[in-house]
Amino acid sequence: MTKTVPKNAKKVFEGVLFDTYQWEQEMYDGSKAIFEKLVRKPSVEVIAIVDNKIIVLKQKQPCRENGFYGLPAGRVDDGEKMQQAAKRELLEETGYQSESMNSLVEFFGNSKIYFHEQVFIAQNCKKITEQKLDGGEKIEIEFWNFDKWLQLCRDATSVMPFGFRMMMYEALLDKKKKEELKNKIFGM
C-alpha cells in the first residue's frame, strides 16, 4: 500500500470493494489533522472488436434495475494480473475471446480514492462459448460501430472509467483525437 497511502496509514475499514485508510498528517503550520483515503479493488474494461464493431453490453443488476450500457468489465481477483482479468471477464460476460489483448490506458483514481482501472483492446474476437454470468447479472450483447459507441460517453447511466469517458469526449470534440482513438482501437 505504500504507493497509494502513506506508510503510517492504518486500515480502519475493510470492505468487499473499498478499504479505508487513515493517518495523522502534519500541516504546514505544525498542527496535525487526520487524513483519509479509500482504496478500491482494481478493475478492467475491454473494448472487444468483432468484425469492426465494438461489443457493448446492455446490463441489469439488482441495484440498477433500469439497466445501463457498458463494456465487458469487472473486478480483478486476488492474485490475478490485469490482463488475465480482462480475458476472463470478456469470456464470462460475452462468450468471446481474443488472441490479441493489449492495454490502451490505465487510470489510478484521484487524491482521495485510489482505484486502478485498466482499459484493454481485444482485436478479432471470436465466440467460443456461452456467457457464464454471475447470479446478479443480466447481460445482452450488442455490436456498435465506432461513431455510435463514441456517443456512449454522453449517456450518464453508462459505466466506464471517468478518465476514459473524458478521452471519448475529447474524440467527439477533436477530429484528430477521434482518428487517433479509432486507429488505436481498430489497429489501423
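The values are calculated or read from the model by the stated rules, or taken from the named source; none is laboratory data. Note that the coordinates shown come from a computational prediction; the quantities given were computed from them, not determined experimentally. Neighbour counts run over all protein chains shown; Cβ positions are idealised from the backbone, glycine included.
Observations, loosely collected:
- Filtered residues of the stretch 49-75 (kept if touching a residue at least 40 places away in the same chain (Cβ under 8 Å) and either of a type in the set (A, V, I, L, M, F, W, C) or not in a strand (DSSP E or B) (or both)): ILE49, VAL50, ASP51, ASN52, ILE54, ILE55, VAL56, LEU57, PRO62, PHE68, LEU71, ALA73
- SER43 vs. criteria surrounded by fewer than 16 Cβ atoms within 10 Å (Cβ to Cβ) and either without any contact (Cβ under 8 Å) to a residue 24 or more places away in the chain or not hydrophobic (A, V, I, L, M, F, W, C) (or both): no
- Qualifying residue in the stretch 98-109 (condition: over 22 Å from GLU130 (Cβ atoms) and in a loop (DSSP other than H, G, I, E, B)): yes
- Tally, over the stretch 62-73, of residues that are farther than 13 Å from SER158 by Cα and not hydrophobic (A, V, I, L, M, F, W, C): 2
- Residue satisfying condition, being loosely packed, with under 13 Cβ neighbours inside 10 Å, part of a strand (DSSP E or B), at pLDDT 95 or above and touching a strand residue (DSSP E or B) at 6+ places or on another chain (Cβ under 8 Å), within set PHE13, PHE35, PHE120: PHE13
- Scanning the stretch 101-123 for residues that are among the β-branched types (Val, Ile, Thr) and more than 14 Å from the chain's Cα centre (by Cα) yields one hit, ILE113.
- Of all residues making up the stretch 161-180, the number that are under 19 Å from the mean Cα position of the chain (by Cα) and touching a residue at least 24 places away in the same chain (Cβ under 8 Å): 5
- In the set (1) in contact with a Cys (Cβ under 7 Å, 6 or more places away or on another chain); (2) in contact (Cβ under 8 Å) with a residue 24 or more places away in the chain; (3) hydroxyl-bearing (Ser, Thr, Tyr), SER158 fails one condition alone, (1).
- Among residues of the stretch 96-117, those that are crowded, with 17+ Cβ neighbours inside 10 Å and within 22 Å of VAL50 (Cβ to Cβ), counted: 4
- If you filter the stretch 132-172 down to residues that are of a type in the set (D, E, K, R) and outside any loop (DSSP other than H, G, I, E, B), you find that the one that is nearest to PRO62 (Cα to Cα) is LYS138.
- Residues in the stretch 57-95 that are surrounded by fewer than 18 Cβ atoms within 10 Å (Cβ to Cβ) and acidic (Asp, Glu): GLU65, ASP77, ASP78, GLU80, GLU92.
- Whenever a residue of the stretch 98-115 is within 15 Å of GLY187 (Cβ to Cβ) and touching a residue at least 24 places away in the same chain (Cβ under 8 Å), its partners that are assigned to a strand (DSSP E or B) and not small (Gly, Ala, Ser), lying with C-beta atoms within less than 7 angstrom and at least six residues away or across chains, give the pairs SER98/GLN123; SER100/GLN123; MET101/PHE120; LEU104/ILE47; LEU104/VAL119; LEU104/PHE120; LEU104/ILE121.
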